[in-house]
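Here is the structure we will look at.
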Amino acid sequence: METVVSGIRPTGNLHLGNYFGAVKGFLQMQHEYNCLFFIADWHSLTTHPHPADIRKSAYTILSEYLACGIDPEIAPIYIQSDVPETVELYLYLNMIAGIGELMRTTSFKDKARQQLHIDRVHTTEGDVEHEIFNESNKHSVSAGLLTYPTLMAADIIIHKAVKVPVGKDQEQNMEMARRFARRFNQTYGVDFFPEPASFYYSHKAVKVPGLDGSGKMGKSEGNAIYLIDDEKTIRKKVMKAVTDSGPTEPNSPKPEPIANLFTMMEIVSTKDTYDYFNEKYNACEIRYGDMKKQLAEDINAFCAPIRERILAIAADTDYLDKVARQGAEKARASAAKTLNEVRRIIGFHSY
């Protein structure tokens with residue numbers, strides 16, 4: 001079977017957007033591909049170098065993946081820092097990566113601007129465009145943030161993965177992963193690493209909207225419903241969702257905040273429920289309060305069994321230790337096989 005690799009940073013709990021946008025696809029993929037899922041704790045250091053409890057954060061994601069239904073016996077789940085072989089490949093990729101191409105990545109420039117003030121002055125050196133950093137804070141951006149794409153590439157190609165489920169915001173980093181795989185092959189005159197492709201498992205992948213009236217659901221946007229949220233929290237969040245005064249003409253187009261509510265209802269409610277409120281809207285008879293109450297009830301009905309499993313699994317640290325250990329063993333076996341061959345290709349001694 002083709003190998004698929006996917007990683008997630010341990011920056012908080014999973015929300016409905018994570019579930020319907022990614023995890024639901026993972027549940028099917030694990031039976032059709034050779035899947036490895038990892039929790040990217042090294043990557044989290046690029047923007048949070050002093051994590052409060054990085055292992056606990058990783059176990060939060062681990063317990064939620066398990067509660068959603070990922071089977072570690074079929075698809076190993078491992079913590080990135082438990083596979084040190086990745087760091088050696090990361091080193092080799094950094095040796096063939098150009099600083100100019102790394103500085104031009106959108107993710108680096110965006111995150112660098114968030115971390116410090118950057119003077120919007122540009123100079124040209126050859127074909128490389130640079131932004132000038134203030135002298136007082138130029139050391140605030142880490143080399144780890146700059147080389148994020150090479151670490152991401154190492155995470156993927158160390159397992160010789162051919163497919164990676166990613167969102168559109170990671171497409172540039174995926175292109176760089178393909179570039180580094182191709183460059184390694186060209187540099188050493190081999191056909192060793194496959195060029196990993198961005199993978200959208202289903203054309204029906206759902207973009208779950210946030211509850212603030214615009215955009216998609218996200219942790220940083222503060223508009224998310226988490227799988228771990230209790231019934232009271234879910235109801236409170238849904239009832240605060242943005243609405244308007246209602247349609248004034250039959251069959252009016254839905255403005256974005258209202259369309260978002262209906263999209264959410266389409267995801268978690270029955271077709272009959274969706275159709276009922278859609279008909280009420282088209283007839284200018286919609287009562288948003290009633291719709292929100294029903295939506296909150298349906299979201300809770302979906303989340304409740306997952307929430308119960310999360311709480312039970314999170315409390316069983318021995319089981320989490322076992323899953324993480326077994327996942328690391330399987331991932332290290334895969335990584336070591338690749339790395340030994342990489343060392344031989346480059347000219348180092350391999351074992």
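Quantify, in whole percent, the carbon and sulfur part of the accessible surface of the chain (1.4 Å probe; protein heavy atoms only). Here it works out to 50 percent. Were the residues from residue 270 through residue 32 laid out at 0.36 nm apart, the gain over their Cα-Cα distance would be 82.9 nm. The long axis of helix 171-188 is offset from the longest Cα principal axis of the chain by roughly 20 degrees. Distance between the modelled labels on residue 312 and residue 349, one decimal in nanometres: 5.2 nm (7 Å Cα→Cβ projection). For a 18 Å ceiling on Cα separation, which of these pairs sit above it: 232/293; 216/293; 237/292; 168/216; 254/292; 236/293? Too far apart for the 18 Å limit: 216/293. Under the simplified labelling scheme, the residue 321-residue 73 pair shows an inter-label distance of 2.2 nm, with each label point 7 Å from Cα along Cα→Cβ. Axis angle, to the nearest 10 degrees, between helix 85-96 and the longest C-alpha principal axis of the chain: 70 degrees. For the chain, the longest principal axis of the C-alpha atoms and the axis of helix 317-346 are separated by about 40°.
Using the Cα gyration tensor of region 131-282, with a ≥ b ≥ c the square roots of its eigenvalues, what is the shape: rounded (a/c below 1.5), prolate (a/b larger than b/c) or oblate (neither)? Since a/c reaches 1.5 and a/b is larger than b/c, the shape of region 131-282 is classed as prolate.
Taking the Cα of residue 142, stepping 7 Å toward and past its beta carbon, and measuring to each backbone N in region 1-27: which are under 18 Å? Backbone N within reach: 8-12.
The calculated 222 nm mean residue ellipticity attributable to helices in the chain amounts to -15500 deg cm²/dmol, summing -39500 (n - 2.57) over DSSP H runs of n ≥ 4 and dividing by all residues.
The values are calculated or read from the model by the stated rules, or taken from the named source; none is laboratory data. Model, not experiment: these values are computed from the prediction. Note: ideal-geometry Cβ built from the backbone for every residue, glycine included; neighbour counts use all protein chains shown. Accessible surface areas use protein heavy atoms only, side chains included; no ligands, DNA or RNA. Shrake-Rupley method; radii C 1.70, N 1.55, O 1.52, S 1.80 Å.
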